[in-house]
Amino acid sequence: MLDTLVTTATGALSATVGVLVGGIVTRRAQDRQWLRDRQLAAYDELFTHYARFTMELRRAHSDRRGWDYDWGEWSAALMRVSLVAPTEVANEIDRFGSAINSFLDQVARARDPLRDPVSPEEFEQARQAPAQAQVKLVNAIRRSLSNDENGLPFGIGG
């Protein structure tokens, strides 16, 4: 009788431990998936804003017209990405932001597209630093999400 009781108790304890461990492992996997989903959404939003304001500035200079952009949304996108980005990616985002600031100094703050438009060549020259920073940022993101150590040697879009 004692043997049966010990065997039953051991089986029940093993099953309980298995359920608890399974629950913990499942919860961790769900947490990782949730974080990855949030990271991808934040990165997507950041690059969407970058593409939008870059194209708006390009068009304004080529069409010799005014332009406007909601910089509050750009700032909010930076804040959201800072909440979920790992340190390496956050460092690259900071460098990307600095390169964009330099770009904006050259084509948005110092030059008026109505009176002193930037030529297509000048625009491309000003865009080189953000383009290079974008490649580094994309590669940091790829490494953080998939352990892609090789990365991309070139930028796509932007």
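The values are calculated or read from the model by the stated rules, or taken from the named source; none is laboratory data. Here the structure is a predicted model, which is why all the values come from computation and not from measurement. Cβ atoms come from the backbone with ideal geometry, glycine included; neighbour counts cover every protein chain shown.
A quick yes/no check of all residues on (1) out of contact with any Pro (no Cβ under 7 Å at 6 or more places or on another chain); (2) of a type in the set (A, V, I, L, M, F, W, C); (3) at pLDDT below 95:
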{"residue": "Gly18", "(1), (2), (3)": "yes, no, yes"}
{"residue": "Val21", "(1), (2), (3)": "yes, yes, yes"}
{"residue": "Gln30", "(1), (2), (3)": "yes, no, yes"}
{"residue": "Arg59", "(1), (2), (3)": "yes, no, no"}
{"residue": "Asp68", "(1), (2), (3)": "yes, no, yes"}
{"residue": "Ser75", "(1), (2), (3)": "yes, no, yes"}
{"residue": "Phe103", "(1), (2), (3)": "no, yes, no"}
{"residue": "Ala108", "(1), (2), (3)": "yes, yes, yes"}
Open item on the list: Show the residue pairs meeting these rules: Cβ distance below 9 Å; 6+ apart or different chains; first residue within the stretch 40-51 and among the hydrophobic types (A, V, I, L, M, F, W, C); second residue not in a helix (DSSP H, G or I).
Closed with: Ala42/Ala85; Phe47/Gly157; Phe47/Gly158; Ala51/Gly157; Ala51/Gly158
TODO: Scan the stretch 125-158 for residues that are closer than 21 Å to Asp105 by Cβ, touching a Lys or Arg at 6+ places or on another chain (Cβ under 9 Å) and of a type in the set (Gly, Ala, Ser) and report the count.
DONE: 2
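I'd like the residue in the stretch 38-72 that is part of a helix (DSSP H, G or I) and among the aromatic types (Phe, Trp, Tyr) and, out of all such residues, is nearest to Ala140 (Cα to Cα).
Across the stretch 38-72, the extreme among qualifying residues is Tyr43.
Test of understanding: among Ala90, Ala126, Ala85, Ala99, which residue is modelled with pLDDT of 95 or more, in contact with a Phe, Trp or Tyr (Cβ under 6 Å, 6 or more places away or on another chain) and of a type in the set (Gly, Ala, Ser)?
Details: Ala90 fails: in contact with a Phe, Trp or Tyr (Cβ under 6 Å, 6 or more places away or on another chain); Ala85 fails: in contact with a Phe, Trp or Tyr (Cβ under 6 Å, 6 or more places away or on another chain); Ala99 fails: in contact with a Phe, Trp or Tyr (Cβ under 6 Å, 6 or more places away or on another chain).
Of Ala90, Ala126, Ala85, Ala99, the one residue that is modelled with pLDDT of 95 or more, in contact with a Phe, Trp or Tyr (Cβ under 6 Å, 6 or more places away or on another chain) and of a type in the set (Gly, Ala, Ser) is Ala126.
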Task: Matching option when the condition is closer than 24 Å to Arg109 by Cα, in a helix (DSSP H, G or I) and in contact with a helix residue (DSSP H, G or I) (Cβ under 7 Å, 6 or more places away or on another chain), among Glu92, Glu88 - done: Glu92
Task: Candidate set: the stretch 139-158, residues that are on the phi < 0 side of the Ramachandran plot and part of a loop (DSSP other than H, G, I, E, B); chosen: the one surrounded by the most Cβ atoms within 10 Å (Cβ to Cβ) - done: Gly155
TODO: Could you give me the residue pairs with C-beta distances under 9 Å whose first residue belongs to the stretch 111-138 and is surrounded by 14 or more Cβ atoms within 10 Å (Cβ to Cβ), whose second residue is of a type in the set (S, T, N, Q) and not in a helix (DSSP H, G or I) wherever it lies, and which are 6+ apart or on separate chains?
DONE: none
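From the list Ser146, Ser82, pick out the single residue that is in contact with a helix residue (DSSP H, G or I) (Cβ under 9 Å, 6 or more places away or on another chain) and free of Cβ contacts under 8 Å to residues at least 24 places away in the same chain. Can you show your working first?
Values: Ser146 fails: in contact with a helix residue (DSSP H, G or I) (Cβ under 9 Å, 6 or more places away or on another chain).
Every option except Ser82 fails the conditions.
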- [ ] Looking only at the stretch 119-126, decide whether some residue is in contact with an Asp or Glu (Cβ under 7 Å, 6 or more places away or on another chain), over 25 Å from Asp31 (Cβ atoms) and in a helix (DSSP H, G or I).
- [x] no
Open item on the list: Conditions first: (1) within 22 Å of Ser75 (Cβ to Cβ); (2) surrounded by 18 or more Cβ atoms within 10 Å (Cβ to Cβ). Ser102 passes all but one, so which condition is the exception?
Closed with: (2)
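Can you go through Ala77, Ala41, Ala29 and tell me which one is of a type in the set (A, V, I, L, M, F, W, C), surrounded by 13 or more Cβ atoms within 10 Å (Cβ to Cβ) and more than 21 Å from Ala129 (Cα to Cα)? Full working, then the answer.
Numbers: Ala77 fails: more than 21 Å from Ala129 (Cα to Cα); Ala29 fails: surrounded by 13 or more Cβ atoms within 10 Å (Cβ to Cβ).
Answer to the selection: Ala41.
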